[in-house]
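Below is one structure, written out as structure tokens; comments come after it.
The values are calculated or read from the model by the stated rules, or taken from the named source; none is laboratory data. As the structure is a prediction and not an experimental result, all values here were calculated from the model. Ideal geometry is used to build each Cβ from the backbone, glycine not excepted, and the neighbour counts take in all protein chains shown.
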Amino acid sequence: MRTLVLVMLAIAISAPSRAQLELPPEGREIDPLAFAAKVRRRGDDPILEALADPRELGRAARKRAIRAAPHLHEPAAALPILAEIAASREPFDALAAMHAAFTIVRALPGDAVERFELDQAPLLATADAFARLAEDASAHPRIRAMATVTAAELRDLVR
């Protein structure tokens, strides 16, 4: 009985907490398919949490979460947060977030709203956020270009 308790305690201690985001560190090479599989096994919630609040888990976790966003089970859920990050003044995070959002929107099928039962209001609000970013003269030119396409494609999905 004592051995069983010790084994269970060891498993509980070694298991990652829900707040941890165990993805490969930035800059470390990993097979893209293996990375996508690891993201899907991990689930959407920890990645969305890391995107939403970088102070809790740190900037490194947020960078990994941005990289992971296109591989979520429901990647459209990350779009509003990615729009906020893309509009931020963090140069590397902003460009990475815009690229992730661009990748997500380009991968969504034309009937995504119906097929995945997506709520139209947040998609339109996100499209508006990307449209504002596309008009922002202080934003990086690549961000502005991707924001233009992303806003247009999001609006097309809702129509």
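A few remarks follow.
- Check on residue 123, modelled with pLDDT under 95 and touching a Lys or Arg at 6+ places or on another chain (Cβ under 9 Å): yes
- Residue 117 vs. criteria on the phi > 0 side of the Ramachandran plot, loosely packed, with under 13 Cβ neighbours inside 10 Å and not polar (S, T, N, Q): yes
- Listed by first and then second residue, the pairs linking a residue in the stretch 43-63 that is touching a residue at least 60 places away in the same chain (Cβ under 8 Å) to a residue that is β-branched (Val, Ile, Thr), with Cβ atoms under 6 Å apart and 6 or more places separating them unless they lie on different chains, form an empty list.
- Here 128, 111 are screened, and the one residue that is at pLDDT below 90 and acidic (Asp, Glu) is 111.
- When restricted to residues that are at pLDDT below 95 and surrounded by fewer than 18 Cβ atoms within 10 Å (Cβ to Cβ), the stretch 70-92 contains 7.
- Taken over the stretch 86-103, the criterion of being within 11 Å of residue 54 (Cβ to Cβ) and touching a Lys or Arg at 6+ places or on another chain (Cβ under 8 Å) is satisfied by 93 alone.
- Single condition residue 97 does not satisfy, out of (1) within 23 Å of residue 157 (Cα to Cα); (2) touching a residue at least 40 places away in the same chain (Cβ under 8 Å); (3) not charged (D, E, K, R): (2)
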